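Participant: What follows is a single structure, and I will ask about it in a moment.
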Amino acid sequence: MINRNVVVDSSTTEKYLRVASISIAFYDYIITLPAEWRFYRSQPSIFHISLSCILFILIRYVSIVAIAVSNYGYFSTGFTQETCQKYYFMTPIFKAAQTMISQVILGVRTYNIARRDRRIGIALLILYIFLVSVEWFTDIFDRTPVVINGNCTPANAGKVLSTWFFYLSAMLYDIVMVTISTAHLLHYNPMSNRVERLIRVLIYDGIGYFIVLTASNVLNLILYHTTSFDTQSAGASVGYAVTWIMSQRILIHIREMKEPEARCLENVVIARPTVTAQKKTSKNPIDAELTPTSPRNGDMELGVRVCVERSVVVDYMDGSERSSWETPAEK
């Protein structure tokens, strides 16, 4: 009787977790529809789509498919052992695909924050390829189709290399990316309060992503490290929803900071030397980017720039009378 109660309780808990994750994911999808529309409108053409927009589409709709496939197998009551044998691999495949896309988003963000340093880029790429290979192998290795009351879920029977290594690898990747990006952001010397807020947003996005996804990964790591097939996938749907929401939030925030209207509304005026009568030439307005405390060759490429207005004061002599006027730079 005790064992049966434990099974019932674990099954009920899994249902609650899955329903809650579907509800949260659906709500987030609805409230981010305007952001999705702005993403599409900001593209030059349908044949020239930015990398951030491509990643946004992929993480959004691969996540939807992953949640749908996983929960259809769990809530369905019509599976037999034969049909489950053909279906159960779908969930691990879409889970690994979603994680890959999420890690690309975090990796590209880290590479850009690190000023596109070639050595860092190569190191990040090698780490990504290695850990993705580990994730795919451990996610699919020794999977077993389990049919309970007509539903179909993939369980893991591996004792050494099993699915819990998948979540361990994902956490290791997140730790490296967030550490590198945060370390670089802390070395930048902001030129204004607005730029300082920009840095703060990027730091909070990275740390928030890490904390939320690590909590989800730890939950799944613990569940998959158990030997009970009934509890292994209890937190899987939560992981899909959290990965989807946090990954697309990073892209949405970056796009909002790049928005031309926002740049023009938040102009930063920096004092520049005046131009005398002997030098009446005026350069175009400049885009001030975040500058590191220890400058190196090249500018930081965050995809986020602060619009700067520059005024040019022209002095000239007209007899004994001296006049001056200020001309705002072209926008």
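Where a number appears in this text, it was derived from the coordinates with a stated rule and is not lab data. Computed from a prediction, not measured in an experiment: that's the story for all the values here. Neighbour counts are summed over all protein chains in view; Cβ atoms, including those assigned to glycine, are modelled from backbone coordinates with ideal geometry.
Participant: 5 Å is the cut-off here: which amide hydrogens, built 1.01 Å from N in the peptide plane, fall below it relative to VAL146, excluding neighbours closer than 5 in sequence?
Facilitator: It is THR153, ALA155, by chain and number.
Participant: Moving on. Within 10 Å of each residue's Cβ, count the other Cβ atoms and sort TRP136, TRP244, TRP37 from fewest upward.
Facilitator: With the sparsest Cβ surroundings first, the list reads TRP37, TRP136, TRP244.
Participant: OK, next. Which value in nm describes the separation of the simple spin-label points at GLN43 and ILE120, placed 7 Å from the Cα toward the beta carbon?
Facilitator: 2.9 nm
Participant: Quick check on the exposure proxy: order HIS184, HIS48 from fewest to most C-beta atoms within 10 angstrom.
Facilitator: Arranged by neighbour count, lowest to highest, HIS184, HIS48 become HIS48, HIS184.
Participant: Oh, and also: Quick one: Karplus J couplings for the stretch 96-101, per residue in order, coefficients 6.51, -1.76, 1.60, θ = phi - 60°, nearest Hz, x for Gly and Pro?
Facilitator: Per-residue couplings from phi come out as 5, 5, 4, 5, 4, 5 Hz.
Participant: What is the set of long-range amide H partners of ASN189 at a cut-off below 5 Å, with H atoms built 1.01 Å from backbone N?
Facilitator: Those qualifying (amide H under 5 Å, at least 5 residues apart or on another chain) are THR291, THR293.
Participant: Could I have the simple spin-label model distance between ASP142 and LEU172, label points 7 Å from Cα toward Cβ, reported in nm to one decimal?
Facilitator: That separation, rounded to one decimal, is 1.8 nm.
Participant: So, R0 is 56 Å and r is the distance between the beta-carbons of GLU82 and LEU186; what FRET efficiency does that work out to, to 0.05?
Facilitator: The pair GLU82/LEU186 has a calculated efficiency of 0.50.
Participant: A follow-up question, please. Highest mean first, how do 72-80, 14-22 rank when packing is the count of other Cβ atoms within 10 Å averaged over residues?
Facilitator: 14-22, 72-80
Participant: Arranged by the count of other C-beta atoms within 10 angstrom, fewest first, what order do THR12, THR153 take?
Facilitator: Ascending number of Cβ neighbours within 10 Å: THR12, THR153.
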